[in-house]
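The values are calculated or read from the model by the stated rules, or taken from the named source; none is laboratory data. The structure displayed is predicted, hence computed values, not measured ones. Here the Cβ positions follow ideal geometry from the backbone for every residue, glycine too, while neighbour counts run over all protein chains shown. Ligands, DNA and RNA are stripped out before the accessible areas are found, and what is left, the full protein with its side chains, is counted by its heavy atoms. Shrake-Rupley method; radii C 1.70, N 1.55, O 1.52, S 1.80 Å.
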Amino acid sequence: IIYRIANVTMQLAASRVLPGTVSGARSSSYPSQKIGIFGKSFQASRPTQFTTLEGFKSQRIKLQQFNEVSTLHSRSSLRVVSSLATGGQQDSAFSTVASPFFRTTLDAMLQSYWEKTPTAVKAVNFLQEQQPGVPIAYDHVALRSFGVNGCGLEACSKFWLDHGYTRKDMLLFPGKKLKAYWYSPPAGHDDLPRVFISELCVGDLSPEAQDIIKKYTSAASGGGDASPYTALNGILGATPWPTPSHEDYSKLAEESEYAAWTLLNGFTLNHTTVSVHKLKCYRDITSMDNALITEAGIQFNNDGKLNISPDGGLIQSSTVADNREFTFAGGEQLQLPGAYIEFAERLVLPEFEHLAPEDVQESHRREGFEVGNADKIFESTNTR
């Protein structure tokens, strides 16, 4: 895992440290605009493809081009630095976080996500065209996990906790046999997204379903608990366990759509979420959704109905997940749901409604998540 992470770190770094060079042909599956990832301006592009460390060296890129080594920093080391020699320009979407490892890992997660989620690319490009020069801000990202063999919440959250995130409220979804926590970014880094991580309560499933899941998670963990950083397989869009069989997938799908999706997709990003109240081009989520449906042709989950918290302060919607072609262990190929994009509007809390719009900060708005909203949004990946 560490070897693969190091390899991708160098791929992404190579696309930044050589000013004036082309980092690779732009794919139509990446956002074409200079978009804002979590509040920062970022030009999404495919990195130069190196498959081995030797391939990286053959490009004659030397370690001297780095100002700092991309190593894991503790949460106490968060501060503003420039980690790569970019001629004074910082292309990373996460330039406010000190650790090059942290920024590069997040960039890699997004590279994989954009590639596999054309609807997200289409939606973000459309919104960016409505507000040229103003980056799109993001509310949160989400991951799914299995609560067994160290492949659950603890594995998925460690990366974030080690970089200053704080675990917040627990949410329970008895009907779907899930639990979740959300995590807030480090103080003073409001440009970073919240993180929502859910976990399937494997012990609540049938014995047959439990055995299927454990067959794969135990392979990822070597029979015990998986490495705390097993979840970083997701930065490459890979799964930490062997390719599943179609039979195993089908049996899980009969009992839990969530289980079947996670078996195929592992720890890759399940979705990203646009922060609607930070848009300059639409007054609210209703007007934005209507534009995405009528002008951009975006298909929404739940027939386009909004998910509204009981207090009315959190309003969310989500698209239908994009189908991807999956190849099973036996060679069978099927088009099945992958990732999607969500939209969230957080209203100003009653006690701060007297503030002028320009004085409203994120802390003045409705915080946290809502079980009823999230329960419906989970269904964006249901097979249709």
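Observations
- Accessible surface of the range 294-384, 1.4 Å probe, proportion on carbon and sulfur as whole %: 46 percent
- A 1.4 Å probe over all protein chains sorts Ser245, Ser198 by accessible area into Ser245, Ser198, starting with the largest.
- Full extension of the chain segment joining Asn382 with Glu129 gains 88.1 nm, where the gain is 0.36 nm per residue of separation less the Cα-Cα distance.
- Ile293 accessible area, 1.4 Å probe, all protein chains in place, Å² to nearest 10: 70 Å²
- In Å², nearest 10: area of Val121 left accessible to a 1.4 Å probe: 10 Å²
- Around His246: net Lys/Arg minus Asp/Glu count, Cβ-Cβ under 14 Å: -4
- FRET efficiency for Asp204 and Thr286, using Cβ-Cβ distance with R0 set to 45 Å, rounded to 0.05: 0.75
- Alpha carbon centroid spacing (whole Å) that separates the range 243-285 from the range 288-308: 18 Å
- The listed residues Asp169, Asp284, once ranked by accessible area (1.4 Å probe) with the largest placed first, stand as Asp169, Asp284.
- Whole-Å distance, taken between Cα centres, linking the range 162-234 and the range 118-140: 28 Å
- Placing a pseudo-label 7 Å from each Cα along the Cα-to-Cβ vector at Leu172 and Ala356 gives an inter-label distance of 4.7 nm.
- Estimated FRET transfer efficiency (Ile293, Glu367; beta-carbon r; R0 30 Å; 0.05): 0.60
- Per-residue 3J(HN,Hα) values for the range 139-150, derived from phi via the Karplus relation 6.51 cos²θ - 1.76 cosθ + 1.60 with θ = phi - 60°, read 7, 6, 10, 9, 10, 10, 7, 9, x, 7, 6, x Hz in sequence order (x marks Gly and Pro).
- Averaging 1/r over every pair of different alpha carbons in the range 136-178 and inverting the result gives a Kirkwood radius of 12.3 Å.
- Within the range 125-209, chymotrypsin sites (Phe, Trp or Tyr not before Pro) in DSSP loop having at most 14 other beta-carbon neighbours inside 10 Å: none
- Largest to smallest accessible area among Glu208, Glu379 [probe 1.4 Å]: Glu208, Glu379
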